[in-house]
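Structure, as structure tokens:
The values are calculated or read from the model by the stated rules, or taken from the named source; none is laboratory data. These figures come from a predicted structure and were not determined experimentally. Cβ coordinates were reconstructed from backbone atoms using ideal geometry, including for glycine residues, and neighbour counts include every protein chain displayed.
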Amino acid sequence: MAGSITIFLDRCNGCTLCVKACPFDAIHMANKKAVIDMAKCTLCGACVEVCELNAIELKKDAGVKKDLSLYKDVWVFCEQKKGVIQSISFELLGEGRKLADKLGVKLCAVMLGSAVESRIAELAERGADKIYIADHPALQSFQDDPYTEVLVKLAEEYLPEIILCGATVIGRSLVSRVAVRLNAGLTADCTALDIAEKERLLLQTRPAFGGNIMAVIITPNHRPQMATVRHKVMKEAAIDKARKAEVIRKNYPDEVMKSRTRLVDIVAEIEETVNLAEADIVVSGGRGLGGPENFAMIRELAKTLNGAVGASRAAVDADWIPYSHQVGQTGKTVVPKLYLACGISGQIQHLIGDEGRKVPDPRFQGE
Amino acid sequence: MPNTTDVRIDPVTNTLIREGVESVINPFDAYAIEEAVRLKERLGGKVTVLTMGPPQAETALKEALSLGCDEAVLLSDRKFAGSDTWATSYTLAAAIRKLGGFDAILCGKQASDGDTAQVGPGISTHLDIPQVTYVKKIAEISAAGALVERMTEEGYDSVETPLPCLFTVVKEINTPRLPSLKGLMKAKSAKITRWTADDLGAEPEALGLDGSPTRVINIFTPEPRKGGELLKGATADVAGELVELLKDIVM
Amino acid sequence: MDYLLTEQQTMIRDLAKKIADEKIKPVAAHYDETEEFAWPIMKILADSDLFGIYIPEQFGGLGGGVMDMCLVTEELSRACAGIALGYAGTGLGAFPILLYGSDDQKKKFLPDIARGRRLAAFCITEAGAGSDAGSIKTTARKEGDRYLLNGTKQWITNAGEAEVYTVIALTDKTRGARGASAFIVEKGAGGMDFGKKEKKLGIRASATREVIFTDCEVPAANLISKEGMGFIIAMKTLDSARPGVGAQAVGIAQGALDHAVEYARTRVQFDQPISNFQGIQHLLADMGTQVEAARALVYATARMIDSGAKSVAKESAMSKLFASDVAMKVAVDVVQIFGGYGYMRDYPVEKYLRDAKITQIYEGTNQIQRNIIAANMIKEALKR
């Protein structure tokens, strides 16, 4: 057993506070006493905290301790496309710097690609103390197999204690595999990262239940601790041209580079000149617009303001506008300076998409 | 593609599923189910739908059967409780091994609430088979392999893969159908296979909370944002005021 | 009210409701506006097996009856009576085959109808033969192993879209109604043409056209039953189908009423929701009661037909008469509750008013229904 939870029936007065507190609906009342459904309980402890009578006891076993002290350094997987380092990498280097400083370890950038030698300086300027480079034609564009294999090999050899990765199409596909191979903990879509300095644990905060509540997640007994972070949630590391880094170039035999899948073609579909995820001004429309034809107004306004067009899930679900415009929990994260929401009710699922915003957004309730 | 088994996985990461949710198909999985059924209709074979969750998840599995899946397996055991995505993908992979031969595994892109998109890739790793994530179109598929389109931030990649392979699909891939009456009737009387941890022959220490590297240590309600300022007055005045305010920030 | 539906009927109703809510409601205004035939919805209904619910299992259906068909028609009509008519009109066209067709005819035509692969239509009305259906002029002349049809059928629901037509035509002009026969004509038959699509007040998503026969060739094997049975087949078909019109009317009334209740709850005047006013409350109460009474009569009639009752003409006419009058009254009152908004085409309720009117007219005007009811009452009194 990894833990157990017990209700002391003599203390329980049937107040139902725990029932309301349980995020998993695992507690119900029977004969005016709380009963926990173990099929649903995740031992999160939310009930323990609210119980005023201390009637609930949670025991969490520490489990078998591995020697975790062998693991050091904070790694950032730096994603490149066509040789260009993606801006998410710089954001992660910015956040990784803080974590590495708190732990007193090195911040390391990891980059896989082909002929990417010229990019090393950029990573150093963004604060990497050490850079691991795997340069091979097979790594030119992302493929699940070789990327997984190389990252696993690197981590097994150099034992990082933290690996950060962008919650991008590539990042999510890649680190999910790497985490299983390394038997590591992985927490997706973190909105905040911190270090519990005494325990040297990465504190990973992420929205749960579509953002209605937040959960703090740790990986107590496994290393590395892996986390993905969405685009533009963290601030980019500042550039310091004077910074230099130690570079470790790794070569692996051909069988490591083998891929079962084959990339046949890369197709870019640029829909508009302004990228929604990066736009300073976003004009979004929702179901309140009344019909797909009224998106013309949204487009016109966005064009006039040199902004991008966003949409709520409801508008996308109604097929008024393609999914690529969706902003929110199940869509894109946007970080505009100005966000104009038209005909959007402002549900939490939509607000999650604009967490990085710097200014309050005007919402119009027009006639 | 005779004698095909399409195994579809519902990555119900029970760590983040509320009551009620498990009795309906997670919206992302509906696309995976539809695609699996379409593949079967085109090429023959069999679709097995698999999920891990509490007994109530049977309702969702029955719905999947009414939509054209042939068999349904529910992995339900208190020992699975507290699984994070590592343990969930391990458990589902163990069940798929027990099911035997398959040509393709289709998963929803992510669970609607958990939103982690980790279970699909986790399964393919445990099974050591290739994967293509974020698939928006299966252009060609035969016993020899498949040609699919993987959605990217900029457009899509065309990717060739041998089978068996795991695909996670996005909503662009199809429009899920509604159930048919014959499907509903078949589903009503269908028997759903229920497997426990013992049936899977899995390593106990890899299941549930024991098998989960991550732990939720705190759950809290996010601080409400600071309220904005509501401008009131005649439309023209408000517009003017707003423009002045925005001038400093945006322009 | 709980009508003690069977498990299968509950399933049928729920599925129809799901299709109505998720697939029809969002497009109802579109099809009303464009007057297009809603083929995408017909495809969804076909895939859902709903076209086959009243067709016996041995012919590819689910073995249900008129009651099942009424449940579906009602649910679909709640969202759009015009789209529902594509479904119900197929039932009307299929009934002659179902009731009087030979085994071979059933085997040939019913499975495709059950799967929704082919829609059907029923052709009796002509320019000079509306309420007076006995005065039809279309003829069918036998020549060898085929009949040649001549004449024009008017205002035929599903015409042009359907592929199976059951047509009433005179094989013996001298015998009047007793000289009528029923035929199955397949779309594409030589000498079969369609007139222009009619523009209508309501049910605009349904297709209404003339069907024109000019020496149209029909194999003798497509004669239903035997010569001279045409009128009996037509009357029995209408007896079975009238509760369907009743169900359509109940659906229209319920759909309109649902809007009215929601609107009354949320529309604020004099600083309170208008549902606080007794004037509105009593309107709602009357409408709710009338709709429930209409539904009860339609269901009772449908069940009577399904139980194999011999004579259902009176009850069938009553269910159609009462339900359609309720639909019209309710639709008028719902528009009243909406006030000016009810009159605007941007709001959904004026459509119910336009759609409701046809239910008092087709498959026998309500005046004809009263004739049938009275005639049967008098006949029954004489028998006593």
Unmet criterion (only one of (1) closer than 22 Å to C:E363 by Cβ; (2) touching a helix residue (DSSP H, G or I) at 6+ places or on another chain (Cβ under 9 Å)) for C:A127: (2)
Residue ranges of helices (runs of 4 or more DSSP H) in region C:313-384 with at least 2 members among the hydrophobic types (A, V, I, L, M, F, W, C) and in contact with a Leu (Cβ under 6 Å, 6 or more places away or on another chain): C:313-338
Residues that are surrounded by fewer than 19 Cβ atoms within 10 Å (Cβ to Cβ), more than 9 Å from every other protein chain (Cβ to nearest Cβ) and not polar (S, T, N, Q), drawn from region A:22-40: A:H28, A:M29, A:A30, A:K32, A:K33, A:V35
Residue pairs meeting the criteria (Cβ under 6 Å; at least 6 apart or on separate chains; first assigned by TED's automatic domain parsing to the domain that holds C:A221, in region C:136-151; second assigned to a loop (DSSP other than H, G, I, E, B) and buried (at least 17 other Cβ atoms within 10 Å of the Cβ)): C:A140/C:T171; C:G151/C:T138
2 or more residues away from chain A (no Cβ under 13 Å) and in contact with a helix residue (DSSP H, G or I) (Cβ under 9 Å, 6 or more places away or on another chain): qualifying helices (runs of 4 or more DSSP H) within region B:48-132: B:58-66, B:85-99
Test: A:I239 is hydrophobic (A, V, I, L, M, F, W, C), closer than 14 Å to A:I162 by Cα and at pLDDT 90 or above: no
B:R194 vs. criteria basic (K, R), under 21 Å from the mean Cα position of the chain (by Cα), more than 9 Å from chain A (Cβ to nearest Cβ) and closer than 30 Å to B:R78 by Cα: yes
Among the candidates A:E91, A:E79, A:E49, residue that is within 30 Å of A:D135 (Cα to Cα), within 13 Å of chain B (Cβ to nearest Cβ) and not aromatic (F, W, Y): A:E79
Spans of strands (runs of 3 or more DSSP E) in region C:131-223 with at least 1 residues in contact with a strand residue (DSSP E or B) (Cβ under 8 Å, 6 or more places away or on another chain) and among the small types (G, A, S): C:139-143, C:146-157, C:164-170, C:180-186
Where B:S189 falls short, out of the listed (1) more than 9 Å from chain A (Cβ to nearest Cβ); (2) touching a residue at least 24 places away in the same chain (Cβ under 8 Å); (3) not acidic (D, E): (2)
Filter pass, A:A115 being at positive phi, in contact (Cβ under 8 Å) with a residue 24 or more places away in the chain, surrounded by fewer than 23 Cβ atoms within 10 Å (Cβ to Cβ) and more than 22 Å from the chain's Cα centre (by Cα): yes
Conditions (1) more than 8 Å from chain A (Cβ to nearest Cβ); (2) of a type outside the set (S, T, N, Q); (3) outside any loop (DSSP other than H, G, I, E, B); (4) crowded, with 17+ Cβ neighbours inside 10 Å; number of the one not met by B:L245: (4)
Residue within region C:22-41 that is out of contact with any Ser or Thr (no Cβ under 7 Å at 6 or more places or on another chain) and over 20 Å from C:S206 (Cβ atoms) present: yes
Members of region C:122-135 that are hydrophobic (A, V, I, L, M, F, W, C) and touching a residue at least 60 places away in the same chain (Cβ under 8 Å): C:F122, C:C123, C:I124, C:A133
Positions within region B:118-147 being touching a residue at least 24 places away in the same chain (Cβ under 8 Å), surrounded by fewer than 21 Cβ atoms within 10 Å (Cβ to Cβ), more than 28 Å from B:S83 (Cβ to Cβ) and not polar (S, T, N, Q), in sequence order: B:K136, B:K137, B:A143
Index of the failed condition, C:F109 passing every other in (1) outside any strand (DSSP E or B); (2) assigned by TED's automatic domain parsing to the domain that holds C:T214; (3) not charged (D, E, K, R): (2)
Residues (in contact with a Gly (Cβ under 9 Å, 6 or more places away or on another chain), assigned to a strand (DSSP E or B) and more than 11 Å from C:V211 (Cβ to Cβ)) located in region C:117-130: C:A120
The listed residue being within 14 Å of chain B (Cβ to nearest Cβ) and in a loop (DSSP other than H, G, I, E, B), out of C:I55, C:I41: C:I55
Any hit, region B:217-226, residues being under 27 Å from C:K43 (Cβ atoms) and within 7 Å of chain A (Cβ to nearest Cβ): no
Number of the condition not met by B:L230 [criteria: (1) part of a loop (DSSP other than H, G, I, E, B); (2) modelled with pLDDT of 85 or more]: (2)
Selection within region C:240-268 - more than 17 Å from C:L76 (Cβ to Cβ) and either surrounded by 24 or more Cβ atoms within 10 Å (Cβ to Cβ) or touching a Leu at 6+ places or on another chain (Cβ under 8 Å) (or both): C:S240, C:R242, C:A260, C:V261, C:A264
Tally of residues being within 7 Å of another protein chain (Cβ to nearest Cβ) and in a loop (DSSP other than H, G, I, E, B) across region A:184-193: 1
Residue match in region C:63-73 (condition: under 27 Å from C:A169 (Cα atoms), in contact with a Pro (Cβ under 7 Å, 6 or more places away or on another chain), more than 11 Å from every other protein chain (Cβ to nearest Cβ) and of a type in the set (V, I, T)): yes
Any pair with Cβ under 6 angstrom, 6 or more apart, that starts in region C:356-379 at a residue that is under 26 Å from C:A81 (Cα atoms) and ends at one that is surrounded by fewer than 14 Cβ atoms within 10 Å (Cβ to Cβ) and among the polar types (S, T, N, Q): C:T365/C:S131; C:I368/C:S131
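Yes or no, residue by residue, for (1) of a type outside the set (V, I, T); (2) surrounded by fewer than 16 Cβ atoms within 10 Å (Cβ to Cβ):
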| residue | (1), (2) |
| --- | --- |
| C:E163 | yes, no |
| C:T166 | no, no |
| C:G176 | yes, yes |
| C:A180 | yes, no |
| C:K197 | yes, no |
| C:K200 | yes, no |
| C:S206 | yes, no |
| C:I212 | no, no |
| C:V218 | no, no |
Residue satisfying all of: in region B:148-164; more than 7 Å from every other protein chain (Cβ to nearest Cβ) and under 26 Å from B:G100 (Cα atoms); surrounded by the most Cβ atoms within 10 Å (Cβ to Cβ) among these: B:V148
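To keep it simple, each residue is scored yes or no on (1) surrounded by 13 or more Cβ atoms within 10 Å (Cβ to Cβ); (2) assigned to a helix (DSSP H, G or I); (3) in the same structural domain as A:F90 (by TED's automatic domain parsing).
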residue	(1), (2), (3)
A:E199	no, no, yes
A:R206	yes, no, yes
A:V247	yes, no, yes
A:V283	yes, no, no
Residue match in region A:165-175 (condition: more than 9 Å from every other protein chain (Cβ to nearest Cβ) and either among the aromatic types (F, W, Y) or over 22 Å from B:E153 (Cβ atoms) (or both)): no
